[in-house]
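Here's the structure, in structure tokens; my notes come after.
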Amino acid sequence: MKPETKKKVLLSGAKPSGELHIGNYLGAIKQWVALQDTHETYVPIVDLHALTEPQDPEKLREQIMTTAADYIALGLDPTKVTIFLQSAVPEHTQLMWILNTITSMGDLERMVVYKEKLAEGKQALAGLFTYPVLMAADILLYKPTVVPVGEDQRQHLELARELARKFNKRFGQTFPTPKAFHAETGKKILSLQDPKKKMSKSHGGMSYIAIADAPDKIRQKIKIAVTDSGSAIKFDPITKPAVSNLIVIYHLFSGTAIKDIEEKFKNSGYKKFKEVLAELVVAKLKPVQEKRHELLENKYALVAILNDGAEKARQKASETLKEVYEKVGLT
Ligand code: AQP
């Protein structure tokens, strides 16, 4: 289907603040891939968001490229979707400023991700505090019908919806209220080392499985993943959060129903289950890693995709910004 004929718009992105992991894939990117044929799809690599925490410039440059390669290797088709760097479309920060002027401090102070980052010892930087407004701008610029994100982004998306409503009320109907889309299972893949936390790029290498992890690294990470008391392979997120998380990963990579996984492994201990799970993840990531490697061998082609995407994104973003500037009286 040609992009022009698609009526519904999808917008979502990932932050190149480290290596993309299976939580990013199962909670978000898998949904973008599934919807790319039926939606006009915009998937920025939100590089400006990565700056909300200190980044080494050389590493950041590399992470931007590996994120682009991951997007495509995981199934996003650049001939169907618009992949671009957020920083290449200045309208994102321009709209952010307008939205800043209608955002209340109280709304930002309530943001759980900000509080969690501070609790982890991150610096209380203004960028970290206000990035949900940039995220609202990322979304509203493209007037999406659907925004598939993980559970951790639910509150930020609610802010985007609130800002759309506020803007419309004050300046006239401009933004459709974007709808969140959370995967039924997989919207919150947990850390392999601490099932009280979500899997995160910044929580240490053993807590997540990166898309690019070598087979032995995957085996090792799953082998040492924490488990719960008792040895039953039973799905119960309240009493057995760690094992339930591994079951969800198995379910999402294999397509096997959760009750069938419980049945299949009812006489196996954690060790056996983990071994089979590790081989499944290794096998599923193998073709992705091969494609990723191929893409990174030809960075010029990857840059061309990003440039092309930025040009397309700017067409849409500049239309929205023009409309916004007119409405607020800036023309
Ligand atoms: N553990 C997760 N389970 C399900 N979905 C997740 N997402 C992130 N972690 C999980 C979703 O992946 C998309 C891209 O996320 P992001 O890269 O923009 O930022 P994030 O949510 O802050 O991811 P990390 O890995 O936790 O990064 P750091 O540690 O740098 O902050 C989003 O839709 C997100 O919900």
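So which pairs qualify, if the first residue must be in segment 1-18 and modelled with pLDDT of 95 or more, the second must be more than 6 Å from the ligand (Cβ to nearest atom) and of a type in the set (Lys, Arg), the Cβ gap must be under 7 Å, and the two must be at least 6 apart or on different chains? Filtered contacts from segment 1-18: VAL9/LYS143. Cβ-Cβ contacts under 6 Å between residues 6 or more apart (or on different chains), taken from a first residue in segment 144-166 that is more than 8 Å from the ligand (Cβ to nearest atom) to a second residue that is polar (S, T, N, Q) and open to solvent by 20 Å² or more (accessible area, probe 1.4 Å), are listed as ARG161/THR177; ALA164/THR177. If only residues of segment 258-279 that are under 16 Å from THR185 (Cα atoms) and in contact with a Ser or Thr (Cβ under 9 Å, 6 or more places away or on another chain) are counted, the one that is most open to solvent (accessible area, probe 1.4 Å) is ILE258. For segment 154-167, the set of residues classified as open to solvent by 40 Å² or more (accessible area, probe 1.4 Å) and of a type outside the set (D, E, K, R) consists of GLN155 only. Taken over segment 25-74, the criterion of being in contact (Cβ under 8 Å) with a residue 60 or more places away in the chain, open to solvent by 20 Å² or more (accessible area, probe 1.4 Å) and of a type in the set (Ser, Thr, Tyr) is satisfied by TYR25, THR66. Output yes when any residue across segment 305-328 is within 24 Å of the chain's Cα centre (by Cα) and outside any helix (DSSP H, G or I), and no when none is. No, segment 305-328 has no match at all. In segment 178-214, of all residues being more than 20 Å from VAL243 (Cβ to Cβ) and open to solvent by 50 Å² or more (accessible area, probe 1.4 Å), the one that is nearest to the ligand (Cβ to nearest atom) corresponds to SER202.
Just one of the numbered conditions (1) part of a loop (DSSP other than H, G, I, E, B); (2) open to solvent by 30 Å² or more (accessible area, probe 1.4 Å); (3) touching a Lys or Arg at 6+ places or on another chain (Cβ under 7 Å) is not true of SER229: (3). Every listed requirement among (1) touching a residue at least 40 places away in the same chain (Cβ under 8 Å); (2) aliphatic (A, V, I, L, M); (3) farther than 28 Å from GLY329 by Cβ is met by ALA180 save one, (1).
Condition check: closer than 30 Å to TYR300 by Cβ, surrounded by 19 or more Cβ atoms within 10 Å (Cβ to Cβ) and more than 15 Å from the ligand (Cβ to nearest atom). Does VAL89 satisfy that? In short, yes. Just checking, does segment 99-107 include any residue being modelled with pLDDT under 95, surrounded by fewer than 22 Cβ atoms within 10 Å (Cβ to Cβ) and farther than 18 Å from GLU323 by Cα? So far as segment 99-107 goes, no, none of its residues is modelled with pLDDT under 95, surrounded by fewer than 22 Cβ atoms within 10 Å (Cβ to Cβ) and farther than 18 Å from GLU323 by Cα.
Tell me whether segment 241-257 contains one or more residues that are modelled with pLDDT under 95, part of a loop (DSSP other than H, G, I, E, B) and open to solvent by 40 Å² or more (accessible area, probe 1.4 Å). For segment 241-257, residues modelled with pLDDT under 95, part of a loop (DSSP other than H, G, I, E, B) and open to solvent by 40 Å² or more (accessible area, probe 1.4 Å): absent. In segment 280-300, the qualifying residues are those that are within 14 Å of ASP70 (Cα to Cα) and hydrophobic (A, V, I, L, M, F, W, C), and the one that is least open to solvent (accessible area, probe 1.4 Å) is LEU285.
The values are calculated or read from the model by the stated rules, or taken from the named source; none is laboratory data. Keep in mind it's a predicted model, so treat the numbers as computed, not measured. Neighbour counts run over all protein chains shown; Cβ positions are idealised from the backbone, glycine included. The accessibility values were calculated without ligands, DNA or RNA, using every heavy atom of the protein model including side chains. Shrake-Rupley method; radii C 1.70, N 1.55, O 1.52, S 1.80 Å.
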